[in-house]
Amino acid sequence: MNLGNITTYNVVSLGGVTVGLSLLAWEITRWWPGRKNLLKLKKLLDLLPFTLAALYGMLLILSAGGILGGGANVALWGGSEIGDATLQYGLGAGTPDATRTSNLVLTDGGHAFVIVCTVILFAIWTKRGGFRWDLARAVFCGITLGLSAGVAGIAGYVLSPVVSAAGDSIVGLL
């Protein structure tokens, strides 16, 4: 089987970013503990699974290709199409390209790190008794925001070199 023919596009539109920000807004709104409880550690820890899964989604979209990278690209394309249709037909708005201009790709060690994260995610899903939609939403949120040029994409921009360096040092590529 030749997986080298899977094409990656890695382009996010304003509609895709809107979908990702909407998922993030949904999660924060559902989590919001009120002003008095905002800084309590337990309440902040409730956001940790969503945050980690969103960062994993950003790693997926930064992958060079293959099955996981191709799946992330299909998800990004779908999110952009849904968001574009909502903006165009719902509000009459335009949907310009919102992809950052600098290209970030994980190193081989970074890709190994993504595989380890994938195994961890599947372990969580099987340990908790099945598929968790909250984590799926978070991964999709990360995929749609990971390539964004604005503030929404900063985490992906910072995440790539950190994960690549960590993965390279763990597998001894440095």
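The values are calculated or read from the model by the stated rules, or taken from the named source; none is laboratory data. Keep in mind that this is a model prediction, so the values were computed, not measured. Note that we place each Cβ from the backbone using ideal geometry, even for glycine, and neighbour counts take in every protein chain shown. Just the protein is used for accessible areas: all its heavy atoms, side chains included, with ligands, DNA and RNA removed. Shrake-Rupley method; radii C 1.70, N 1.55, O 1.52, S 1.80 Å.
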Potential extension, ILE67-LYS40 segment - 0.36 nm per residue separation minus Cα distance: 5.7 nm
Phi-based couplings in Hz for region 42-51 (Karplus 6.51, -1.76, 1.60; Gly and Pro marked x): 4, 5, 5, 5, 5, 7, 4, x, 5, 4
Cα-based Rg and Dmax for region 77-174, where Dmax is the largest Cα-Cα distance (Å): 16.6, 52
Accessible area in the full protein assembly, largest first, 1.4 Å probe, for ARG132, ARG100, ARG35: ARG35, ARG132, ARG100
Integer Hz, Karplus 6.51/-1.76/1.60 couplings in order for region 110-122, x for Gly and Pro: x, 5, 4, 4, 5, 4, 4, 5, 5, 4, 4, 4, 5
Label zone at VAL119 (point 7 Å along Cα-to-Cβ), backbone N below 16 Å, region 132-174: 167-168, 170-172
Carbon and sulfur %, accessible surface of region 101-174 computed with the full protein complex present, 1.4 Å: 71
Residues whose placed amide H lies under 5 Å from that of SER13, excluding near-sequence neighbours: ALA98
Choice from GLY142, GLY109, GLY20 showing the highest fluctuation, given a GNM over the chain with Cα pairs closer than 10 Å: GLY109
Largest-first ordering by accessible area, 1.4 Å probe, given options LEU121, LEU68, LEU41: LEU41, LEU68, LEU121
From phi via Karplus (6.51, -1.76, 1.60), per-residue ³J(HN,Hα) for region 72-85 in Hz, x at Gly/Pro: 5, 5, 5, 5, 5, 4, x, x, 5, 5, 5, x, 4, 4
For the chain, accessible area per residue (1.4 Å probe, heavy atoms of protein chains only), Å²: 58
12 Å Cα-Cα reach of LYS40 towards aspartates and glutamates, excluding residues that sit fewer than 8 places from it in its own chain: none
Where only C-alpha atoms are counted, convex hull volume of the chain per residue in Å³: 152
Computed [θ] at 222 nm, helices only, for the chain once each DSSP H run of length n ≥ 4 contributes -39500 (n - 2.57): -20500 deg cm²/dmol
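Take LEU55, LEU60 and sort them by solvent-accessible surface of the protein heavy atoms, 1.4 Å probe, largest at the top. Provide the component values of the computation, followed by the final result.
Values: LEU55 55, LEU60 15 Å².
Per-residue accessible area, sorted high to low, gives LEU55, LEU60.
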